[in-house]
Amino acid sequence: MRNLDYETDISNTYDFLRELFFNELKHDSFEKVKIKALNLSLNLQSVDFVRHLLNDINLDEARWEYNRLFIGPKKPPASPFESVYRSKKGLLMREFAYEVREIYANVGLEVQAKDHMPDDFLGFELQYLFYISSLARESLKNEKFSQADELIELRKEFLKEHILVWIYKFIDDIKTHSKEKIWVEFGEFLTSVFELEKKHLGL
């Protein structure tokens, strides 16, 4: 599983995705999203979602649909929280939020807004994946191979026990309920990313 080019590409991918969820397509900081999109591998830059994001997005329409899909004010049809998809009643802040909080803490991460945003928000889970994949990349660069192996194993375990358990249901809800093509394309992009990870990590 050791592959410096892959670890560089996947850390850049998670960096882009976390920025997308933290940014919420706001005009004043959208340039950061575009810059991180340009750090993606050429293969990912060529997919429809990224191509349209970089070249011909209607930002106001895309942001309105982002809010409707993921935030509200009504119950969002694609809620970006692990607990919603894994708890029996679809509630926020179930045990999964506390499980990932402990996982973050094990590598020195803490959600600063945990009183306002559950720890199992997809943006935070993507941030964790970005952080440990970045550490793995640096370990490989410095030929610290056992350290890199441990970090890659952490990512594999987190994907297996958390992200991959619910992300495809979330993607299905995006593709089913989106009124804007770009978010359907986003669902397809997410699928591509996690299929790459499954193949690379043997999941």
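In segment 135-158, which residues are in a helix (DSSP H, G or I) and out of contact with any helix residue (DSSP H, G or I) (no Cβ under 6 Å at 6 or more places or on another chain)?
GLU138, LYS141, PHE145, SER146, ASP149, GLU150, GLU153, GLU157, PHE158
Look at VAL100 and say whether it is modelled with pLDDT of 95 or more and touching a His at 6+ places or on another chain (Cβ under 7 Å).
Considered against the rule, which asks whether it is modelled with pLDDT of 95 or more and touching a His at 6+ places or on another chain (Cβ under 7 Å), VAL100 comes out as yes.
Is there any pair linking a residue in segment 5-34 that is surrounded by fewer than 16 Cβ atoms within 10 Å (Cβ to Cβ) to one that is in a helix (DSSP H, G or I) and of a type in the set (Asp, Glu), with Cβ under 8 Å and at least six apart or on different chains, and which?
The qualifying pairs are LYS32/GLU19.
Under 7 Å between Cβ atoms, which residue pairs at least 6 apart in sequence (or on different chains) link something in segment 179-191 that is of a type outside the set (Asp, Glu) with a partner that is not in a helix (DSSP H, G or I)?
ILE182/ILE57; VAL184/SER178; PHE189/VAL47
Take residues that are closer than 21 Å to LEU135 by Cα and within 18 Å of the chain's Cα centre (by Cα) and tell me which of the helices (runs of 4 or more DSSP H) falling wholly in segment 1-73 contain 2 or more.
The helices (runs of 4 or more DSSP H) meeting that bar are 4-23, 30-37.
Please determine, by comparing only the residues of segment 35-50 that are of a type outside the set (S, T, N, Q) and exposed (fewer than 15 other Cβ atoms within 10 Å of the Cβ), which one is nearest to ILE171 (Cα to Cα).
ASP48
Residues in segment 74-85 that are surrounded by 20 or more Cβ atoms within 10 Å (Cβ to Cβ) and in a helix (DSSP H, G or I): how many?
Looking only at that region, the number is 3.
Among the residues of segment 100-133, write down those that are crowded, with 16+ Cβ neighbours inside 10 Å, assigned to a helix (DSSP H, G or I) and of a type in the set (D, E, K, R).
ARG101, GLU125
Based on what the data block shows, is LYS169 assigned to a helix (DSSP H, G or I), of a type in the set (Lys, Arg) and touching a residue at least 40 places away in the same chain (Cβ under 8 Å)?
Yes; evaluated as a whole, the condition is true for this residue.
LYS88 - would you say it is assigned to a helix (DSSP H, G or I) and over 29 Å from PHE30 (Cα atoms)?
Numbers: assigned to a helix (DSSP H, G or I): no; over 29 Å from PHE30 (Cα atoms): yes.
Taking the combined requirement at face value, the residue does not satisfy it.
Looking only at segment 54-73, count how many residues are farther than 17 Å from LYS179 by Cβ and in contact (Cβ under 8 Å) with a residue 12 or more places away in the chain.
Initially, segment 54-73 is screened for residues farther than 17 Å from LYS179 by Cβ, giving 54-56.
Still in the list and also in contact (Cβ under 8 Å) with a residue 12 or more places away in the chain: 54.
Count: 1.
Of all residues in segment 194-203, which are surrounded by fewer than 19 Cβ atoms within 10 Å (Cβ to Cβ) and either touching a residue at least 40 places away in the same chain (Cβ under 8 Å) or not in a helix (DSSP H, G or I) (or both)?
Across segment 194-203, the qualifying residues are LEU196, HIS200, LEU201, GLY202, LEU203.
The values are calculated or read from the model by the stated rules, or taken from the named source; none is laboratory data. What you are looking at is a predicted structure, and each value in this text was computed from that prediction instead of being measured. Methodologically, a virtual Cβ is constructed for each residue, glycine included, from the backbone with ideal geometry; neighbour enumeration extends over all protein chains shown.
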